[in-house]
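Q: This is the structure I have questions about; it appears just below.
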Amino acid sequence: MTIGGTSPTRGATRRPDLAGARILVVDDEESITDLVAMALGMHGAVVEVAHDGRHALDAIPHMRPHAVVLDVMLPDLDGLEVLRRMQWDPRTAAVPVLFLTAKGGVDDKVRGLAAGGDDYLAKPFSVEELVWRVAAVLRRAGGAVDDGPVFSFADLRLDEDTYEVWRGGQTIDLTPTEFRLLHFLLLNAGQVVSKAQIREAVWEYAFDGKLNMVEVYVSYLRKKLDAHGPPLIRTVRGVGYTLRVPPEPGPDAGGPAVGTGQQDAPAVQSGP
């Protein structure tokens with residue numbers, strides 16, 4: 001996936017394309033993090049925020065950001081120290097950092113870039129310039145960071161190693177069966193998988209006639225995912241299920257062939 005490029009609009013006008021980019025914004029001023037998160041989000045980025053250095057360092061291994069927008073003057077660890085600790089960890093050493101700070105002197109900029117910062121923008125700043133600088137930093141970095149065992153779809157993430165799932169930055173607790181079901185759907189995101197394929201992949205044994213078990217667990221999983229955002233699991237009637245980004249509202253939305261499947265699931269006595 002290539003991120004951090006540009007996308008054409010009318011005429012010669014271009015706009016930064018941050019679709020799919022995960023960006024952590026670190027600043028002790030909530031008004032700044034809100035403004036930057038909104039601006040980056042409007043260009044397709046998935047943004048999380050932290051208001052001090054320690055919370056930023058805690059968030060980075062879980063979020064695995066493609067870039068960090070980092071203030072220098074933080075209430076605990078300053079931004080330079082946060083960057084140093086990122087560089088010590090091989091998992092985060094390659095994550096590009098853009099300093100966004102009120103310390104705008106030449107010496108301050110030189111110090112930040114010499115410490116390993118990829119760019120430096122002083123406050124007060126232009127939001128448009130910030131977005132373009134983030135896009136440029138991502139482009140120079142190659143646009144992506146190795147996700148390892150993490151699967152991402154829209155604002156949903158699943159970590160194979162830690163058995164953790166997040167949506168929109170919120171942790172979702174799943175049972176082992178629900179986790180395997182979501183993992184299989186993520187492996188086949190955008191493709192329709194049948195109930196038979198799900199049974200074989202998730203349970204790996206015959207159901208002894210309990211064919212509605214797939215519907216039951218899809219319903220369980222839906223309820224947990226939908227509590228944090230628009231429906232992602234789509235029912236293709238007569239075929240199976242798929243993960244799809246919710247369509248934009250419009251007059252043609254909600255055709256008869258594909259649905260969210262929000263009807264009550266059939267009851268069962270027990271299941272794995």
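The values are calculated or read from the model by the stated rules, or taken from the named source; none is laboratory data. Owing to the predicted nature of the structure, the values given are computational and were not obtained by experimental measurement. All Cβ positions, even for glycine, are placed from backbone atoms using ideal geometry, and neighbour counts span all protein chains on display. The area values use the complete protein model at the heavy-atom level, side chains included, leaving out ligands, DNA and RNA. Shrake-Rupley method; radii C 1.70, N 1.55, O 1.52, S 1.80 Å.
Q: Kindly list the number of the only condition in (1) at pLDDT below 90; (2) crowded, with 20+ Cβ neighbours inside 10 Å; (3) in a helix (DSSP H, G or I) that fails for residue 58.
A: (2)
Q: Does residue 155 fit the bill of being under 22 Å from residue 22 (Cα atoms) and either open to solvent by 60 Å² or more (accessible area, probe 1.4 Å) or modelled with pLDDT of 85 or more (or both)?
A: Values: under 22 Å from residue 22 (Cα atoms): yes; either open to solvent by 60 Å² or more (accessible area, probe 1.4 Å) or modelled with pLDDT of 85 or more (or both): no.
Considered against the rule, which asks whether it is under 22 Å from residue 22 (Cα atoms) and either open to solvent by 60 Å² or more (accessible area, probe 1.4 Å) or modelled with pLDDT of 85 or more (or both), residue 155 comes out as no.
Q: Here is a check on your reading of the model: is residue 100 part of a strand (DSSP E or B) and touching a residue at least 40 places away in the same chain (Cβ under 8 Å)? Step through it out loud before you land on a result.
A: Working: part of a strand (DSSP E or B): yes; touching a residue at least 40 places away in the same chain (Cβ under 8 Å): yes.
Taking the combined requirement at face value, the residue satisfies it.
Q: Another question, then. I'm checking my understanding of the structure. Among residues of the range 181-227 that are among the acidic types (Asp, Glu) and either under 13 Å from residue 240 (Cα atoms) or over 18 Å from the mean Cα position of the chain (by Cα) (or both), which one is modelled with the highest pLDDT? Explain how you work it out, then say what you get.
A: Looking only at the range 181-227, we keep the residues that are among the acidic types (Asp, Glu), and these are 200, 204, 208, 215, 226.
Subset that is either under 13 Å from residue 240 (Cα atoms) or over 18 Å from the mean Cα position of the chain (by Cα) (or both): 200, 204, 208, 215.
Working: 200: 83, 204: 61, 208: 52, 215: 91.
Of everything passing the filter in the range 181-227, 215 is modelled with the highest pLDDT.
Q: Return yes when residue 135 is buried (at least 18 other Cβ atoms within 10 Å of the Cβ) and within 23 Å of residue 31 (Cα to Cα) and no when it is not.
A: Answer is yes for this residue.
Q: If you check 12, 19, which single one turns out to be at pLDDT below 85, closer than 21 Å to residue 167 by Cα and not in a strand (DSSP E or B)? So that I can check it myself, show each step before the final result.
A: Details: 12 fails: closer than 21 Å to residue 167 by Cα.
Result of the check over 12, 19: 19.
Q: A follow-up question, please. Looking at (1) more than 17 Å from residue 64 (Cα to Cα); (2) open to solvent by 70 Å² or more (accessible area, probe 1.4 Å); (3) modelled with pLDDT under 90, can you tell me which one residue 38 breaks?
A: The one condition residue 38 does not meet is (3).
Q: In this structure, does residue 44 turn out to be at positive phi and modelled with pLDDT of 80 or more?
A: Against the criterion (at positive phi and modelled with pLDDT of 80 or more), residue 44 qualifies.
Q: Looking only at the range 177-201, count how many residues are aliphatic (A, V, I, L, M), open to solvent by 30 Å² or more (accessible area, probe 1.4 Å) and assigned to a helix (DSSP H, G or I).
A: From the range 177-201, those aliphatic (A, V, I, L, M) are 181-182, 185-187, 189, 192-193, 196, 198, 201; that's our starting set.
In the following step, the residues that additionally are open to solvent by 30 Å² or more (accessible area, probe 1.4 Å) were identified as 187, 189, 192, 196, 201.
Right, trim to assigned to a helix (DSSP H, G or I) and you get 187, 196, 201.
Selection size over the range 177-201: 3.
Q: Scan the range 31-39 and tell me whether some residue there is touching a strand residue (DSSP E or B) at 6+ places or on another chain (Cβ under 7 Å), in contact (Cβ under 8 Å) with a residue 60 or more places away in the chain and assigned to a helix (DSSP H, G or I).
A: We begin by selecting, within the range 31-39, every residue touching a strand residue (DSSP E or B) at 6+ places or on another chain (Cβ under 7 Å); these are 33, 36-37.
Add one more test, that the residue is in contact (Cβ under 8 Å) with a residue 60 or more places away in the chain, and what stays is 36.
After this cut, where a residue has to be assigned to a helix (DSSP H, G or I) as well, the list is 36.
The answer is yes, given that some residue of the range 31-39 is touching a strand residue (DSSP E or B) at 6+ places or on another chain (Cβ under 7 Å), in contact (Cβ under 8 Å) with a residue 60 or more places away in the chain and assigned to a helix (DSSP H, G or I).
Q: Please determine whether any residue of the range 86-101 is open to solvent by 20 Å² or more (accessible area, probe 1.4 Å) and under 18 Å from the mean Cα position of the chain (by Cα). I'd like the intermediate steps shown before the answer.
A: Taking the range 86-101 first, the residues open to solvent by 20 Å² or more (accessible area, probe 1.4 Å) are 87-91, 93-94.
Imposing the further condition that a residue be under 18 Å from the mean Cα position of the chain (by Cα) reduces the set to 91.
Checked the range 86-101: at least one residue is open to solvent by 20 Å² or more (accessible area, probe 1.4 Å) and under 18 Å from the mean Cα position of the chain (by Cα).
Q: Quick check on the range 103-113. Is at least one of its residues of a type in the set (A, V, I, L, M, F, W, C), closer than 24 Å to residue 152 by Cα and free of Cβ contacts under 8 Å to residues at least 60 places away in the same chain? Before the answer, list the steps.
A: Going through the range 103-113, the residues of a type in the set (A, V, I, L, M, F, W, C) turn out to be 106, 110, 113.
Filter once more, so that each one left must be closer than 24 Å to residue 152 by Cα: none.
Scanning the range 103-113 turns up no residue that is of a type in the set (A, V, I, L, M, F, W, C), closer than 24 Å to residue 152 by Cα and free of Cβ contacts under 8 Å to residues at least 60 places away in the same chain.
Q: Also, I was wondering about something else. Kindly establish whether residue 174 is outside any loop (DSSP other than H, G, I, E, B) and either within 30 Å of residue 92 (Cα to Cα) or modelled with pLDDT of 80 or more (or both). Spell out the reasoning first.
A: On the way: outside any loop (DSSP other than H, G, I, E, B): no; either within 30 Å of residue 92 (Cα to Cα) or modelled with pLDDT of 80 or more (or both): yes.
No.
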